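What follows draws every value from the coordinates through simple rules; no lab data is involved. Only a predicted model underlies this, so the values are computations on that prediction, with no experimental measurement involved. Backbone-built Cβ (ideal geometry, glycine too); neighbour counts: all protein chains shown.
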Amino acid sequence: MIMAKKLNEVFIVIENDKQKDDFLKQLFRPASLCYELLDGILNHLKMPFTIINESNHIDASYRDTYYMYFSNKHFDIERYSKRFSFFRGRLSYLEFIEIGNDKKIQGKFMGSLVINPIGDGLIGKTLLAPQYVVNKEKYPVFIRTSKFVLNVLGKRLEVEAFPYRMQDRETMTCAEVTLLNILEYFSNSYHDYKSVTPSEIIKSEQEHNHERVLPSRGITYPVLTKVLSDFGFSPRLYNVFAIKNPVFSKRKQIDELRRWIYYYIESGIPIAMNFNPVADLGVGHSVVCIGHGRKNDQLKKKAYSNMLCMRGRKMHPLINAADFYDDYVIMDDNASPYKFFNIYDEYAYNYMQITNIAVPLYKRMFLDAPNAADLIYQILQHESYGIMAWEKGYLTPEQPVIVRIFMASSRSFKRFRVSTLESLEERMLYSNLRLPRFVWVCELYTEQGFEENRAFAELVVDATASGSRGIMSVLLMHYPKVITIRNPEDNDPDFKKQFELSNVNEFDGFNANLTIIK
């Protein structure tokens with residue numbers, strides 16, 4: 001790692017491009033990938049900003065790989081990392097350690113970045129708040145984050161972020177980095193999952209291979225899902241070529257996979273995404289998909305032209321909101337954090353296309369996205385339980401309906417509904433719902449309602465059910481002027497608990513799964 005006098009300073013203030021360039025040149029060789037990536041990050045930070053430099057930082061994941069692998073090498077490799085913490089504006093040491101200044105310091109904190117002493121230096125564990133590094137031209141952006149706690153020079157600081165790091169190409173390639181970032185996110189967010197080190201990932205990987213795994217040459221997605229299973233998940237692996245082409249439709253296999261990606265991302269579930277060369281030449285790549293951008297009006301028009309209608313039957317055409325989005329947010333170790341990827345440009349990513357996605361599901365999420373969507377569409381078109389039977393004249397004949405599907409925890413779903421529903425009787429009904437830990441939700445909108453984020457109806461489906469239960473999986477139907485509820489002991493397919501509402505009340509679309517950057 002290149003050393004210089006500037007990097008011996010603890011507080012480094014960057015006020016102009018020359019100071020930023022000087023700082024970068026002391027860290028990395030110009031034109032190197034690390035130089036370009038860090039330059040891209042710093043270019044998003046509004047000047048002036050302050051960097052706190054911790055020269056002898058102990059990074060847990062790097063120190064783990066050091067003792068597992070790098071300490072066995074003939075040539076010495078340093079044990080200590082550098083950590084840079086970023087703050088808005090100018091910040092002095094005296095201001096930082098002033099008693100009673102913690103709230104002000106927290107308000108300036110933008111996140112941290114680790115440099116590991118491998119080669120000329122390698123970007124390690126990075127936790128940056130997306131609002132400071134996401135391209136503002138893309139706003140609004142919807143991203144899954146977690147609240148991480150850091151200790152910087154004795155100060156407890158928090159940052160809402162998603163983990164990012166680069167591969168070292170010896171102990172970890174892109175697939176292992178994908179795993180580590182996903183596992184780090186889940187262990188930080190939920191008590192169900194323990195913190196995992198790189199050596200534990202390598203050990204699990206070794207158990208599912210027939211030869212040594214170090215130095216790493218990457219792993220396949222079937223092995224990646226086995227590793228996820230070893231750490232408490234019940235993952236689903238989807239291959240684009242295994243998807244059945246929809247009957248009597250122009251839609252392709254990749255179109256179905258795009259919808260499934262949307263369902264999971266809108267559910268706040270980070271997914272591993274595998275790219276492979278179009279011509280089967282060269283190596284593939286792995287990234288973590290964690291969010292999406294704003295809706296694309298051109299895609300919306302196209303979705304309207306391809307809306308689902310039933311021949312020979314008068315019904316409300318169904319338009320899938322998943323078809324409105326093309327920009328997705330990924331954590332790619334070859335690019336800056338929170339990179340945007342156009343999912344409709346099949347060859348945009350270095351002439352590679354999405355081949356597999358691996359979804360780390362909770363062990364009791366039995367109903368996955370494809371089955372949940374199929375079930376919901378069957379119910380919406382059902383003569384007795386569908387839109388036509390329950391909308392009570394709210395819609396005009398054959399008026400299109402926009403369908404938005406996602407999963408939510410029952411805790412966050414009930415909290416959101418009880419705090420946002422306008423009617424007291426509706427809030428009381430929702431507050432007393434008996435729900436499993438996770439539910440699939442289908443919100444229904446008119447075209448104007450979708451623009452205003454105001455739904456007119458919704459279905460709530462048991463995520464612990466199997467697809468074969470059909471209508472029995474539906475726990476709640478909320479339509480204009482009526483709410484029907486099914487409790488766990490109700491085994492009759494009919495909905496016996498029906499509550500007539502005094503008014504038609506539209507309600508806010510659920511938005512507690514993703515952080516909105518705007």
Item to check | Extension gain from S412 to Y80, taking 0.36 nm per residue of separation minus the Cα-Cα distance | outcome: 115.5 nm
Checklist outcome for this item: Note, region 290-304: 3J(HN,Hα) by Karplus (6.51, -1.76, 1.60, θ = phi - 60°), whole Hz, Gly/Pro = x, goes 10, x, 8, x, 6, 5, 9, 5, 5, 5, 4, 4, 5, 5, 5
Checklist entry - Which FRET efficiency value, to the nearest 0.05, is calculated for N505 and K25 with the Förster distance at 60 angstrom and r the Cβ-Cβ distance? => result 0.50
Next on the checklist: With the crude spin-label approximation of a point 7 Å out along Cα→Cβ, what separation in nm comes out for K301 versus E137?
Outcome noted: 2.1 nm
Checklist outcome for this item: One finds the C-alpha centres of region 488-518 and region 189-210 to be spaced, in Å, by 38 Å
Checklist entry - What's the extension gain from E398 to Q498 if we count 0.36 nm per residue and subtract their Cα-Cα distance? => result 33.4 nm
Checklist entry - Using 7 Å Cα-to-Cβ label points, what is the K18/R364 separation (nm, one decimal)? => result 6.3 nm
Checklist outcome for this item: As straight-line cross-link partners of K481, the qualifying lysines (C-alpha separation under 26 Å, not fewer than 8 residues apart within one chain) are K314, K392, K414, K496, K497
Checklist outcome for this item: Rounded to the nearest 10 degrees, the helix 369-380 long axis (Cα) sits at an angle to the longest Cα principal axis of the chain of 20 degrees
Checklist outcome for this item: Checked region 112-261 with the C-alpha gyration tensor, a ≥ b ≥ c its square-rooted eigenvalues, rounded below a/c of 1.5, otherwise prolate if a/b is larger than b/c and oblate if not; verdict oblate
Next on the checklist: What is the angle, in °, between the Cα long axis of helix 410-420 and the longest principal axis of the Cα atoms in the chain? Nearest 10 is fine, range 0 to 90.
Outcome noted: 70 degrees
Checklist entry - Length gain on complete extension for the stretch Q206 to V283, per 0.36 nm per residue less the alpha carbon to alpha carbon distance? => result 25.6 nm
Checklist entry - Which residues make up the longest stretch of the chain that has no GluC sites (Glu not before Pro) in a DSSP loop with at most 15 other Cβ atoms within 10 Å? => result 212-345
Checklist entry - Can you tell me the Rg and the Dmax, both Å, for the Cα atoms in region 369-517? => result 14.3, 44
Item to check | Virtual paramagnetic centre 7 Å along Cα→Cβ of E9, amide N under 18 Å, in region 92-115 | outcome: 92-97
Item to check | From phi via Karplus (6.51, -1.76, 1.60), per-residue ³J(HN,Hα) for region 104-111 in Hz, x at Gly/Pro | outcome: 5, 5, 4, x, 8, 6, 10, x
Item to check | Among the listed pairs K203/K339; K73/K226; K18/K147; K138/K302; K103/K147, those beyond 27 Å (Cα-Cα) | outcome: K203/K339; K73/K226; K18/K147
Checklist entry - Per-residue HN-Hα couplings for region 151-157, Karplus 6.51 cos²θ - 1.76 cosθ + 1.60 at θ = phi - 60°, whole Hz, x for Gly and Pro? => result 10, 10, 6, x, 9, 7, 10
Item to check | C-alpha long axis of helix 221-230 to longest principal axis of the chain, angle in ° | outcome: 90 degrees
Checklist entry - In deg cm²/dmol and to the nearest 500, what is the mean residue ellipticity at 222 nm of the chain if only DSSP H runs of at least 4 residues count, each as -39500 (n - 2.57), divided by the residue total? => result -8000 deg cm²/dmol
Checklist entry - Which of the trypsin sites (Lys or Arg not before Pro) across region 447-511 are loop residues per DSSP, with 12 or fewer other Cβ within 10 Å? => result K496
Checklist entry - Where in region 159-205 are there trypsin sites (Lys or Arg not before Pro) that are in a DSSP coil and have at most 12 other Cβ atoms within 10 angstrom of their Cβ? => result K194
